[in-house]
There are 2 protein chains.
Amino acid sequence: MTLAPRSKQQIHALMKLREMILAGEFAPGERVSELAVVEKLGISRTPVRLALNILQHEGFLQGQTGGGYRVREFSQQDVLDAIEIRGVLEGAAARLAAERRPSEEELDALRQTCRELDTVVKQDMSPDVLQRYSDLNGQFHDQLLALSRSPMLARSLSHVEALPFASPNAFVFVGFADNERSDILKFAQHQHADIVEAISLGEGGRAEALTREHARLARRNLATAQQRVDLLKEVPGSFLFAADAGPEEGRD
Amino acid sequence: MTLAPRSKQQIHALMKLREMILAGEFAPGERVSELAVVEKLGISRTPVRLALNILQHEGFLQGQTGGGYRVREFSQQDVLDAIEIRGVLEGAAARLAAERRPSEEELDALRQTCRELDTVVKQDMSPDVLQRYSDLNGQFHDQLLALSRSPMLARSLSHVEALPFASPNAFVFVGFADNERSDILKFAQHQHADIVEAISLGEGGRAEALTREHARLARRNLATAQQRVDLLKEVPGSFLFAADAGPEEGRD
DNA sequence: TGAGCCTAAATTGTATACAATCGCGTGAAG
DNA sequence: CTTCACGCGATTGTATACAATTTAGGCTCA
């Protein structure tokens, strides 16, 4: 949601800093001082300050009493909770969408995305196909949110999804073999279809439950992937592995 | 949550600006320029800038493409949705609290608050009693959140509750006669007790449903109060009436 | 030897000067 | 009369100097 940062240096500082944090260039818990950042980026303190403040609100940094910021650490539980919360909020979106009775035209957009996803998950896995799934999946979640007709809900969700590991596409790129991934995507797509059906029929409760469960799938996959990565890379409990997939995942 | 703004001018600018916005000193939708604020507050641009940025993240201001901010307008539906979302998130907190099986000691804190609320709602309405209810009510909601043991959930809720009309105590001070208010408070307190029971018994689904319904009560009361105020003051759809009760409502 | 304070360096907060940008009004040309 | 373009004013973005605050270190005194 990046809330319109509207100047060159400021946006540059923000993006570069986010990138650096996600790339793990700061140790979690490390104090990050303005001066150090200014030196590294070659930008003056003013836009850096703004960027730091924004990153604090986004949840990447934590303000310290007495000035300065530290890199926020996320426990494994935090990551799982963030996805759970996304599920809760998207569930609410699905319920509202069902209850507020969208017109057939509005629904058709979602149905169209769903059909396209159907074709994609039947194809053989390849980076291109995966990317296409990711794009469509992001689109699906956006359209679902739009159907709820609730700017407030969109606002809350955007706060959660500012954390890259909580995004609907967070799990897509990590830690699975092609055949496993294919199965997961097919299952997820089945859930998409069910959600669309529930909304179409005005079945709010069902839509909510299904959408929550959909997020739980992501949660479970992420947990699995995380276990494997932990074993492989010996980066226990670090949230950075999830973040690695974050930057290029473009759920606008 | 105000995220530790740690200097005099900055905190001053932030509080004063929030106050001014809530008091309606800016017309909703009005462009609010740095320079104007600087003049009014007699503080330099730097801390004002920071404060404006924070207020944007809190949802009071909306950034414009091409620079500057406008006062964010909230429709009546936005206000209702915000409370609905609070209900959804607090419901999740209650469910997690039940599922994560708090110890008896942890539960006792909540039970104690609940007992105190029981005594308060039996007393005759007076500003003091109302204030005491408001304090205890805030405490109850805080303790409920704590039982969920989820910093992420706390984070999401704090984002929602940054909007004063979405706070658990938003409805307490507005628009009802004493006898009506007394009934409302008794009913709300009954819900509190039920929620505690559900959590104690580990009944997550019930705890969630009850907590949502509890928020719905606030929602309904707010809608009623808003109708009356609309009739009285002819301030249709303005969120400011709810905000009037905001500043002095001291949720922790 | 340990505790407490005092000083100095580092770091953040504030103010302000300067640069870039945006928007609007005016004027000239078609 | 309309339209496009130019320029001027207003407003925001950036840089930096200066002030205040915090922190760390060492020194002294008990």
> How far is helix B:104-122 tilted off the main Cα axis of chain B, in degrees rounded to 10, range 0 to 90?
Replying inline: 80
>> Using the Karplus curve 6.51 cos²θ - 1.76 cosθ + 1.60 with θ = phi - 60°, what ³J(HN,Hα) values do you get for each residue of the range A:198-210, in whole Hz, with x for Gly and Pro?
In response: 4, 5, 4, 7, x, 8, x, x, 5, 4, 5, 4, 4
> Per residue of chain A, what 222 nm ellipticity follows from adding -39500 (n - 2.57) for every DSSP H run with n ≥ 4, rounded to the nearest 500?
Replying inline: -22500 deg cm²/dmol
>> How big is the dipole moment of the protein assembly as shown about its Cα centre under a simple scheme where the beta carbon of each Lys and Arg is +1, that of each Asp and Glu is -1, and everything else is neutral? Debye, nearest 20, please.
In response: 1160
> Under 5 Å between amide H atoms, partner at least 5 residues away or on a different chain: which partners does B:Glu203 have, H built in plane at 1.01 Å?
Replying inline: none
> For peptide B:80-92, how many partner chain Cβ atoms fall within 10 Å of a residue's Cβ, on average?
Replying inline: 5
>> Positive end of the dipole of the range A:148-208, charges at C-beta (+1 Lys, Arg; -1 Asp, Glu), about the Cα centre: which of A:Ser148, A:Phe165, A:Ile195 has its Cα farthest in that direction?
In response: A:Ser148
> To the nearest 20 debye, what charge dipole does the range B:8-71 have about its Cα centre, counting +1 at the Cβ of each Lys and Arg and -1 at the Cβ of each Asp and Glu?
Replying inline: 160
>> Nearest 10 degrees is fine. How inclined is helix B:127-147 to the longest principal axis of chain B, computing both from alpha carbons?
In response: 80
> Dipole of chain B (Lys/Arg Cβ +1, Asp/Glu Cβ -1, origin at the Cα centre): which of B:Thr65, B:Thr119, B:Ala82 lies farthest to the positive side?
Replying inline: B:Thr65
> Considering the dipole of the protein assembly as shown built from charges on the beta carbon (Lys and Arg +1, Asp and Glu -1) around the Cα centre, which of A:Leu22, A:Val32, B:Leu130 is farthest to its positive end?
Replying inline: A:Val32
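Where nothing but the Cβ of Lys and Arg (+1) and of Asp and Glu (-1) is charged, how large is the charge dipole of the range A:1-120 around its Cα centre, in debye to the nearest 20? Write out the running numbers ahead of the final one.
On the way: 16 positive and 18 negative charges, 135 e Å.
Magnitude of the dipole: close to 640 debye.
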> Helix B:8-22: angle to the longest alpha-carbon principal axis of chain B, degrees 0 to 90, nearest 10?
Replying inline: 80
>> Taking R0 as 35 Å, what FRET efficiency do you get between A:Arg149 and B:Arg31 from their Cβ-Cβ distance, rounded to the nearest 0.05?
In response: 0.85
> Non-local amide H neighbours of A:Val32 (under 5 Å, H modeled in plane, Pro and chain starts lacking H): which ones?
Replying inline: A:Tyr69, A:Arg70, A:Val71
>> Going by Cα centres, the range B:4-59 and the range B:74-129 are how many Å apart?
In response: 31
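All of the numbers you see were taken from the coordinates with simple rules; none came from a lab. These numbers were taken from a predicted model, which means no experiment stands behind them. Here the Cβ is made from the backbone with ideal geometry for all residues, glycine too, and neighbour counts use every protein chain on show.
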